[in-house]
Amino acid sequence: MTSNIFSGTMPALMTPCKADRSPDYDALVKKGQELIAAGMSAVVYCGSMGDWPLLTDAERMEGVERLVKAGVPVVVGTGAVNSKSAAAHAAHAQKVGAHGLMVIPRVLSRGSSVTAQRHHFSAILKAASSLPAVIYNSPYYGFATRADLFFDLRAEFPNLIGFKEFGGFDDLRYAAENITSQDDQVTLMVGVDTAVYHGFLNCGATGAITGIGNALPKEVLHLVTLCKKAAEGHAEARKRAQELEEALGVLSSFDEGPDLVLYYKHLLVLNGEDEYRLHFNETDVLTDAQRNYVEAQYKLFRAWYADWCAQGGVITECA
């Protein structure tokens with residue numbers, strides 16, 4: 001596999017809000033810089049975590065441009081109801097110097113049509129032909145890109161170099177077995193936090209896009225490093241990677257649900273980042289039960305992780 005922007009660990013940035021619930025770009029840039037300093041290879045903005053449906057096109061583009069100008073390597077999400085808007089986001093990303101694209105399927109209008117999706121993907125890839133891109137496969141978008149469509153597109157657009165799989169274990173297995181293993185120039189990105197071990201060990205993934213990594217960057221990078229070592233056949237690393245993924249299990253599982261942004265923003269607030277306290281819609285809040293549950297699980301994980309790290313061996317080697 002040739003090294004490319006889609007071969008590392010990338011947090012999908014959330015969009016912080018000011019008191020008037022408008023985007024706080026200064027806080028967005030600050031978070032991006034902090035995560036790169038922590039060891040992340042790039043950031044993703046705006047995917048689902050960035051609340052792209054709740055932002056205007058101009059707001060999204062400003063966030064991208066601010067990150068780029070601050071020197072943060074950024075992969076841009078192209079989610080849009082209209083293919084022209086999606087292509088405009090791709091063109092803007094290329095113009096301002098972004099590092100890559102996360103190509104999101106067409107939604108709502110003809111979203112289940114393979115023909116419509118082929119034209120949608122083509123418009124995006126053509127609009128930013130110099131940017132490396134991955135197709136974002138997710139059950140939440142209601143369309144599953146299969147091998148025939150992927151390779152039809154790749155034959156026409158060589159900048160399509162990978163696949164981000166947000167589905168479950170079976171979806172990752174399909175991507176590995178039918179898409180990314182066919183061509184060693186095509187990369188597989190694990191797109192869901194609950195499947196990092198499976199993706200690296202069983203599916204040959206070379207990178208991961210993470211939600212929980214916004215709040216726990218060191219711990220997520222630790223997991224990925226252990227998984228990479230385990231993928232080389234290291235028995236102790238395999239065991240330790242399983243232990244760490246299991247301990248992260250509940251916190252990672254929020255990545256699979258509709259309240260993922262609410263949960264992960266709350267974890268940032270617990271970390272002392274008050275700029276993530278608000279959401280764009282006033283009614284988008286965790287219930288008391290949800291908040292108490294995530295706080296208890298977060299406390300439990302942090303206590304376990306501190307104790308676990310003291311065991312040394314490959315844990316320390318991969319930290």
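Could you compute the net charge surrounding Ala86? Neighbours are other residues with a C-beta less than 13 Å from the C-beta of Ala86; K and R count +1, D and E count -1. Summing Lys and Arg as +1 and Asp and Glu as -1 gives +3. Comparing Asp259, Asp284, Asp51, which has the greatest mean-square fluctuation in the GNM of the chain with Cα pairs linked when under 10 Å apart? Of the options given, Asp284 has the highest mean-square fluctuation.
Each stretch of four or more DSSP H residues adds -39500 (n - 2.57); spread over every residue of the chain, this sum gives -14000 deg cm²/dmol at 222 nm. Taking R0 as 22 Å, what's the FRET efficiency between Cys309 and Ala37 from their Cβ-Cβ distance, rounded to 0.05? Calculated value: 0.60.
Peptides 118-131, 296-309 ranked from most to least packed, by the mean per-residue count of other Cβ atoms within 10 Å: 118-131, 296-309.
Run the paramagnetic zone check for Lys126: 7 angstrom along Cα to Cβ, then residues of region 53-90 with backbone nitrogen under 19 Å. Once the point is set 7 Å along Cα→Cβ of Lys126, 78-90 turn out to lie under 19 Å by backbone N, inside region 53-90.
Enter the accessible area per residue of the chain (Å², integer; probe 1.4 Å; all protein chains in place).
Here the residues of the chain average 41 Å² of exposed surface.
When peptides 224-231, 269-276, 246-253 are ranked by their average number of other Cβ atoms within 10 Å per residue, the highest-first order is 224-231, 246-253, 269-276. For region 2-69, the calculated P(r) over all alpha carbon pairs, in 10 Å bins from 0 to the bin holding the longest distance, is 20, 53, 22, 3, 0 percent.
Comparing Asn292, Asn159, Asn214 in a Gaussian network model of the chain where C-alpha atoms under 10 Å apart are linked, the largest mean-square fluctuation is found at Asn292.
Quick check on the chain: what are the equivalent-ellipsoid semi-axes from the Cα gyration tensor, as sqrt(5λ), descending, whole Å? Don't skip to the end; give the middle numbers.
Values: eigenvalues 165, 125, 59 Å².
Result for the chain: semi-axes of 29, 25, 17 Å.
Reported to the nearest whole Å, the Cα centre-to-centre distance from region 126-205 to region 1-66 is 21. Neighbours of Glu232, meaning other residues whose beta-carbon lies under 15 angstrom from its beta-carbon, give a summed charge of +3 when Lys and Arg score +1 and Asp and Glu score -1.
Each Cα pair under 8 Å and six or more residues apart adds its separation to the average, and for the chain the resulting relative contact order is 17 percent.
Measuring nothing but protein heavy atoms, the accessible surface of the chain at 1.4 Å probe radius is 50 percent carbon and sulfur. The lysines within cross-link reach of Lys84, meaning a Cα-to-Cα straight distance under 23 Å and a gap of 8 or more places when in the same chain, are Lys95, Lys126, Lys164. Applying 0.36 nm per residue to the separation of Arg118 and Asp148 and subtracting their alpha-carbon distance, the gain on full extension is 9.7 nm. Computed from point charges on the beta carbon alone (+1 for Lys and Arg, -1 for Asp and Glu), the dipole magnitude for the chain about its Cα centre is near 640 Debye. Averaging 1/r across all pairs of distinct Cα atoms in region 88-222 and inverting the result yields a Kirkwood radius of 15.2 Å.
The values are calculated or read from the model by the stated rules, or taken from the named source; none is laboratory data. Worth saying up front: this structure is predicted, and the values here are computed from it rather than measured. Neighbour counts are summed over all protein chains in view; Cβ atoms, including those assigned to glycine, are modelled from backbone coordinates with ideal geometry. Keep in mind that these areas ignore ligands, DNA and RNA; they rest on the heavy atoms of the full protein, side chains included. Shrake-Rupley method; radii C 1.70, N 1.55, O 1.52, S 1.80 Å.
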